[in-house]
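The values are calculated or read from the model by the stated rules, or taken from the named source; none is laboratory data. None of the values given here were measured: they were computed from a predicted structure. All Cβ positions, glycine included, derive from the backbone under ideal geometry; neighbour counts span all protein chains shown. Quick note on the areas: whole protein, heavy atoms, side chains included, nothing else; ligands and nucleic acids left out. Shrake-Rupley method; radii C 1.70, N 1.55, O 1.52, S 1.80 Å.
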Amino acid sequence: YAQQREANNPRLCFTWFRPSEVTRDRGELMSIRQMVARTAERAASDKKRVFVTGLSAGGAMTAAMLANYPDVFAGGAIIAGLPFGAARDATRAFEAMGAAPERTPREWSDLVRKVSPRIPRKPAISIWHGTADDTVALSNGLALVEQWRDLYRLPKDAFVDKRLKGRRTRIWPDKDGRALVTLHTINDFGHGTPVKRGEGGGYAAAAEPFMLETGFSSTLEIAKEWGLTRRWRR
C-alpha cells in the first residue's frame, strides 16, 4: 500500500489539498502513480483492471488520482473523502472537512475537466460516507457525487435507490446499465472504513484504528461492485 512519510506530514496523511502534490506527474500524486505502475508490472496485471481506493486523506487523494489519471484506473472507491479541488492549502482543507465548499455541479466537474479534458474510458466511482462523520462532513460525499455525476453527464434524478441494512445506496448508471457513480451513505456511522469481523475474504481479522465494525465489509462490497469476486475471462 502507498503510505505517507512523516517528513511530508507528521500525521502521515496524504497532502491531498496542495496543488503541487495533486498535479499529474508531480509530487505525491506522481509517487503513487509510479508505485501503481511498478506493482502492476511485477504482478503482470491486466491494465484494464487497475483500481484505487483510500480512506479520509487517502480518500481525497483517491479522488485526485482518478481526476488526474482516469486513463489508468477502471474504478475508484473514496471512503470518507473529499472532492478533487476542495481546498488549496491547510487552512481551507480543514474548512472543507467541516463542510464542503458551496459550488455548483458544473463548478465541481470543471475542476476535473481542467486537468483531464478527455476521458475516453470512464472510471466507476464508488463513494462511501457515514452520516455521523464529524471529521469529514457528509457534504463532501454529496459533493463528490455532483462532481462525477456532472462530469459524466448523468441526470441528477436518474438513479436507482436501494436500502440495505444500515445503509442507503444510490446508483447512477450509464445508458448500458453500468454503474458509473455509486453513493453509499451509512446510518449513524463515524469516520472510518466500514468492516465486519471475520476470517479472510475481505473481512476484518481484528479491530484497528479507523476500521469500524458496521455489520458488513465495504472491502467485499466494493470488490463485488467492480466484478472482482467473479471468474474473469480474458
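Tabulated data for the structure shown
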{"read-out": "Antiparallel bridges, percent of DSSP beta bridges restricted to the range 99-203 (to nearest 5)", "value": "65 percent"}
{"read-out": "Of the DSSP H helices in the chain, those whose Cα atoms cover at least 15 Å axially and whose Kyte score averages 0.0 or more", "value": "57-68, 138-151"}
{"read-out": "Computed magnitude of the charge dipole of the range 76-234 (debye, nearest 20; Cβ of K, R +1, Cβ of D, E -1)", "value": "1020 debye"}
{"read-out": "Accessible heavy-atom area order of MET61, MET211, highest first, probe of 1.4 Å", "value": "MET211, MET61"}
{"read-out": "Cross-link pairs LYS156/LYS196; LYS162/LYS224; LYS114/LYS156; LYS48/LYS175; LYS175/LYS224; LYS122/LYS156 - those with Cα-Cα distance over 24 Å", "value": "LYS156/LYS196"}
{"read-out": "Where labels lie 7 Å past Cα in the beta-carbon direction, separation of ARG49 and ARG121 in nm", "value": "1.3 nm"}
{"read-out": "Segments 178-188, 138-148 sorted - mean Cβ within 10 Å per residue, highest first", "value": "138-148, 178-188"}
{"read-out": "Surface accessible to a 1.4 Å probe, per residue, for the residues of the chain, Å²", "value": "56 Å²"}
{"read-out": "Pairwise FRET efficiency - GLU107 versus THR229, Cβ, R0 = 30 Å, nearest 0.05", "value": "0.25"}
